[in-house]
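Student: This is the structure I have questions about; it appears just below.
Throughout, read-outs are computed from the coordinates displayed, never taken from laboratory work. Just so you know, these numbers come straight off a predicted model, no measurement behind them. Cβ sites come from the backbone with ideal geometry, for glycine too, and all protein chains shown count toward neighbours.
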Amino acid sequence: MNRLRLPSIIAVLVACLSCNSGRATVPDQPSEPFADASMRATDVVPPSTSTGTGSADFRRGRGLWVDYTITLNNVTGLTGLKIYRGATGTNGTVLVNLMLTGVTVPGTINGVFKSSNFYEAEMPAGFTLDSLRAAIAAGTVYLMATTTTRPDGEIRGALSLSK
């Protein structure tokens, strides 16, 4: 009887990991407001003509991770969702990739696209969650979505510290 349970348990674990881009989750762990963003086409450099919009809520866990929820509206053919470091009006460097590379989400997204987490270890060497918080406070961190029709940016929004 125990032999029949093991494959079922493994199948459930594999399904959970694949839905979360391979990231392990830390269920039922308290988190606190960290940052948020509102994304629009006019913030892309150069500005996009997209009618898409988006929002993001980031919550810091008690460990070295950040939970997040990304909501997108009227975004078609999503190919990337990344956190960058760069000043307003400039294009920056990637800090965290929130989506698998090489994947295109078919159709138009209208609603919560993703709830997951990322860990400090996923950021560039020497960059910590504390330095991410400082960069957000300085106004040099943004979230950007790219699509098949706008690979240089569909919508973008600066992260601001949650109040």
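Student: How many Å³ per residue does the convex hull of the Cα positions in the stretch 27-161 occupy?
Tutor: Convex hull of Cα atoms, per residue: 101 Å³.
Student: Need one number: nm distance between label points at Asn97 and Val45, each 7 Å from Cα along Cα→Cβ, rounded to one decimal.
Tutor: Those two pseudo-labels are separated by 2.2 nm.
Student: Then there's this: Label points 7 Å out from Cα along the Cβ direction at Lys163 and Thr90: separation in nm?
Tutor: Calculated label separation equals 2.8 nm.
Student: I would also like to ask the following. If each residue of separation counts as 0.36 nm, what is the full-extension length gain between Ala125 and Ser31 once their alpha-carbon separation is subtracted?
Tutor: Full extension from Ala125 to Ser31 adds 31.4 nm.
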